[in-house]
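What follows is calculated from the coordinates using simple rules that are stated; it is not laboratory data. Computed from a prediction, not measured in an experiment: that's the story for all the values here. We place every Cβ from the backbone using ideal geometry, glycine too, and count neighbours over all the protein chains shown.
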Amino acid sequence: MKIGIFGDSYATTFRGPDKPAWVELLEDHGHTVNSFAKGGTSILWSAKLLEEFASEYDFLIWCYSCSPRVTLPINEPPGVLNTRWDLDSYDNESFNLEETRQKIDCLKKWFRYGYDPRELKIIGESLVDYYLKKYDNLMIIPCFDEPINAEFCMSQICMMEIQHCFPDIKDYYTFFKKYREERSCHMSTENNQIFANLVAKNLQPGIFQTELSNFKKPGSWDKLFTKI
C-alpha cells in the first residue's frame, strides 16, 4: 500500500538510520511510505499539503498538531518558518532575511492584538470532521491533547519518557529549554517500533487510538536527550 503521511515533528524522518522513525518502520510491513511532515508546523499547513497530494496515495495518515500554531511560508529553502520563528539556524545568505523579519513582525503583532485561541481551536476541531468525510482513506493521529480532545495522543509517549528519566519535570516546554531532542518523533527507538506496529495493525479511517500502557519506559536518558 502507498501511504502518504502529513503532520509535524511527530511524523518526521530526520534522525537517520540509527534512530529510525515509526513512519520509516511502516515500510517493514510491506508499505511504501512518503512523509510530508515538518517540525513545528500548523494544522492548516498540513491541510494544504493533504489537499495537494491526497490523490497520489492509497491511504493517508495525518498526525494532527495543536491549534495555536501558525506556519509562515517563505520562498527560499527550507520553505517554512514555524511558530518558533528561530532565524538563528538559517543561512542568512540563502534568502531575504529582512523581508522574512518583516513578515515575522507582522505575525507577532497579530498574535498580540488579533489572536483569539478559541477561533483556532474551533477551526482545528471542525477540520477533523471535514477531512474525515472528504477522504474515506484518512486516519488522524492526535499529537496533543487538543483540539481533538481524544483519550490518547502522541505527546503522552513523549512526556512519559521524559518524566521517567526526570521525575521532577512537569512542563514540556521548560524541559526543552534545558535539553536537546535526540529521539525520532519524540519517542525512543523501541517506542517508534511499537508505534509503527500498532499503526500497521490498525490501518483504517478515523481517529487512531491506543493505550499508553502499550509503550515502554526508556533506559538511560543520555541516548534520548543532550543537555544544552
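Would you kindly calculate the translational diffusion coefficient of the stretch 116-221, applying Stokes-Einstein with the Kirkwood radius from alpha carbon pairs, for 37 °C and a viscosity of 0.692 mPa s, and quote it in µm² s⁻¹ without decimals?
213 µm²/s
For the stretch 144-216, what is the relative contact order in percent, using Cα pairs closer than 8 Å and at least 6 residues apart in sequence?
35 percent
Rounded to two decimal places and with Rh computed the Kirkwood way over Cα pairs, what is Rg over Rh for the chain?
So for the chain, dividing Rg by the Kirkwood Rh gives 0.96.
At what distance in nm do the modelled label points of residue 228 and residue 107 sit from each other, each positioned 7 Å from its Cα along Cα→Cβ?
For residue 228 paired with residue 107, the spin-label model returns 1.9 nm.
Compute the semi-axes of the equivalent ellipsoid of the stretch 1-61, taking the square root of 5 times each eigenvalue of the Cα gyration tensor, and list them largest first in whole Å.
19, 16, 6
Mind checking the full-extension length gain between residue 27 and residue 119? Use 0.36 nm per residue of separation minus the Cα-Cα distance, one decimal, nm.
Computed gain between residue 27 and residue 119 is 29.3 nm.
What's the extension gain from residue 2 to residue 164 if we count 0.36 nm per residue and subtract their Cα-Cα distance?
The span from residue 2 to residue 164 would gain 54.7 nm if fully extended.
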